[in-house]
Structure formats: structure tokens, C-alpha cells
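Peer 1: Got a structure for you, written out below as C-alpha cells; questions coming shortly.
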Amino acid sequence: MSSKEQIKMNALPSHVAIIMDGNGRWAKEKGKLRVFGHQNGVKAVRDTVEAAAELGIQNLTLYAFSTENWNRPKLEVSALMELLVATISKETKTLMENNIRLNAIGDLSQLPKNCFKELQAAMEKTKGNSRMTLHLALSYSAKWEITNAVKLIADKVKQDTLSIADINEEIISAHLTTKDFPDPELLIRTSGEHRISNFLLWQIAYAELYFTDKLWPDFRREDLYEAIVDFQNRERRFGKTSEQVSV
Ligand code: IPE
Ligand code: IPE
Ligand code: MG
């Protein structure tokens, strides 16, 4: 039985997040420059987005560029930004055809102007689409996001529009970039690294983590299906006992 047939369609994770890692190593294995890996990573993005939407997953978040990634060699950063602009402008049509909304999270003010504009245009064009929301984490880091939330909350306290006693988990969630969407239930990381790399630290408090050795450019829909089957075979206890959750 293929992995897709094993998926229980009534128990899909409502939000899947992916740390797309391993482009550089994929290229190196082939004796090519790192940017060749990034270019081939786009195919994996296309296949994964299409498969997730077809399945009926409501939210897919892809970690495309971290705040730490700004520290990479200038040439790689500019190649990545150019690739981003080209991909967004080319793929907007497909997003429309597939009824997929594009959203971006991160410190977007750091993006080059043309990149920011392209992104805004694609988000505006797709904002009425409802089958799935594709969230791109760009110039994103969880520590940046949480710091920002703390500033916003502190300002409200200072302005007397929020009292300290009323600060709770919901209030904090409501000041994050992900405020309008459910937390990821499944987090996938490719390339064999077992770390979070500053991604969605608050939101993944109870996510199931799935690691695969596949390098991102080799990731395909079948790999997504396998991750979902694995997720569905886990018992999510949320602090309770097995007996409590299995009734
Ligand atoms: C992921 O692949 C893409 C980005 C972080 C932009 P990497 O570029 O990190 O590839 P490796 O991890 O060096 O192989
Ligand atoms: C994490 O990958 C960020 C993205 C996938 C965009 P990195 O390759 O930057 O992470 P580290 O450096 O291995 O932690
Ligand atoms: Mg990496």
C-alpha cells in the first residue's frame, strides 16, 4: 500500500511546517555551486505545495530564509533573493489556479525592495483564495518574532490599553505573526539535522517533530505522505495519560 493510501483523510494535521534544509549539500554532492541546490529546491517546493493542497491541508509553512541566513556570503544571499522574486512572480498563476493564498511571515522590511514588492503583489492577488494558505517564513526568526511581540504588549501596557493581569497565552499568541492561524501540528525538517534553528519556537510547543535524511531538493510528495502517516500513528497526549486520550 502506498503512503498516500494509508493517510486517514479525517485526521490530517491542520498545519504542517517544514524546515527546508540541505540545498547546499545536495549541490556539493553533485560538484555544483550552492545556488544550484537552491534552484532545484524550487521543484521540491512546487511538488510539496501541490500535494498538501490536494490532500486538504489548510496551512503549510515553509522556512525559506532565516534572519541568521543574512550572514551568509553576499553572493549567496543575493542569488537567493533573486530566485525568490523570480519564483514568486512565476508561480502566482499556479497559486491562483489552485486556489492557494500566499502569506509571508518575518522581518519583511529587511528584504530587498523588488522582493518585497513582488511578495506584496502576490499576497494581494491571492488573498481571496481559500483552499490552503501557504506561509513563507522569510527573514524570519522566532526570537525576533517573540521580541517584537513583547514590545507590542509592553507598549499597550504603557498606553493603558492592556493590564498586566490580563496578559495570558492567548494575548501573547495574538501578537505573533501567526496570530490568525492554528499552530503547526507537524514540523518536518529535511537533511538529517535535528534542530529547530530559531523557527516558530512558541507555536511548536506541542508539534510532532519529524526528521528525514532526504536533502530538500530530493523531497517529493511521497515524502510528505510518509511524514503524515508517521504523524497519524503517534499518540498525542498533551500531558495526559495514554488511558485518558484513548477513550
Ligand atoms: C536550505 O538549504 C536553504 C536555506 C537555508 C536558504 P541550505 O542552504 O541550508 O543547505 P545546507 O544545509 O548548507 O546543505
Ligand atoms: C534553517 O536552515 C533555515 C532555513 C531552512 C531557511 P539553516 O541551514 O540556516 O540552519 P542551520 O544553520 O543548519 O541551523
Ligand atoms: Mg542548512
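The values are calculated or read from the model by the stated rules, or taken from the named source; none is laboratory data. Note that the structure is a prediction, hence the values are computed from the model and not measured. Backbone-built Cβ (ideal geometry, glycine too); neighbour counts: all protein chains shown.
Peer 1: Counting just the residues of the range 1-25 that are in contact with an Asp or Glu (Cβ under 7 Å, 6 or more places away or on another chain) and either buried (at least 17 other Cβ atoms within 10 Å of the Cβ) or aromatic (Phe, Trp, Tyr) (or both), which one comes out farthest from Arg195 (Cα to Cα)?
Peer 2: Pro13
Peer 1: Any residue at all in the range 45-60 that's more than 14 Å from ligand 3 (Cβ to nearest atom), of a type outside the set (D, E, K, R), outside any helix (DSSP H, G or I) and under 23 Å from Leu111 (Cβ atoms)?
Peer 2: Within the range 45-60, one or more residues are more than 14 Å from ligand 3 (Cβ to nearest atom), of a type outside the set (D, E, K, R), outside any helix (DSSP H, G or I) and under 23 Å from Leu111 (Cβ atoms).
Peer 1: Please verify whether the range 60-73 includes one or more residues that are away from ligand 2 (no atom under 15 Å from the Cβ) and either among the polar types (S, T, N, Q) or more than 20 Å from His135 (Cβ to Cβ) (or both).
Peer 2: The answer is no; no qualifying residue exists.
Peer 1: How about the range 52-94: which of its residues are within 13 Å of ligand 1 (Cβ to nearest atom), within 24 Å of Glu145 (Cα to Cα) and either within 14 Å of the chain's Cα centre (by Cα) or among the hydroxyl-bearing types (Ser, Thr, Tyr) (or both)?
Peer 2: Once the filter is applied, which keeps residues that are within 13 Å of ligand 1 (Cβ to nearest atom), within 24 Å of Glu145 (Cα to Cα) and either within 14 Å of the chain's Cα centre (by Cα) or among the hydroxyl-bearing types (Ser, Thr, Tyr) (or both), the range 52-94 yields Leu62, Tyr63, Ala64, Phe65, Ser66, Thr67, Ser78.
Peer 1: Moving on. Pick out the one residue from Ala149, Ala104, Ala154 that is among the small types (Gly, Ala, Ser), out of contact with any Asp or Glu (no Cβ under 9 Å at 6 or more places or on another chain) and part of a strand (DSSP E or B).
Peer 2: Criteria check complete, one pass: Ala104.
Peer 1: Those residues that are near ligand 1 (Cβ under 9 Å from one of its atoms) and either without any contact (Cβ under 8 Å) to a residue 40 or more places away in the chain or closer than 14 Å to Leu224 by Cβ (or both), I need them from the range 28-49; list them, please.
Peer 2: Result: Lys28, single match.
Peer 1: Would you confirm whether or not the range 140-151 contains a residue that is among the polar types (S, T, N, Q), at pLDDT 95 or above, within 16 Å of ligand 2 (Cβ to nearest atom) and touching a strand residue (DSSP E or B) at 6+ places or on another chain (Cβ under 9 Å)?
Peer 2: Checking the range 140-151: at least one residue is among the polar types (S, T, N, Q), at pLDDT 95 or above, within 16 Å of ligand 2 (Cβ to nearest atom) and touching a strand residue (DSSP E or B) at 6+ places or on another chain (Cβ under 9 Å).
Peer 1: From the list Val42, Val35, exactly one residue is of a type outside the set (Asp, Glu), in a helix (DSSP H, G or I) and closer than 17 Å to Thr94 by Cα. Which is it?
Peer 2: Val42
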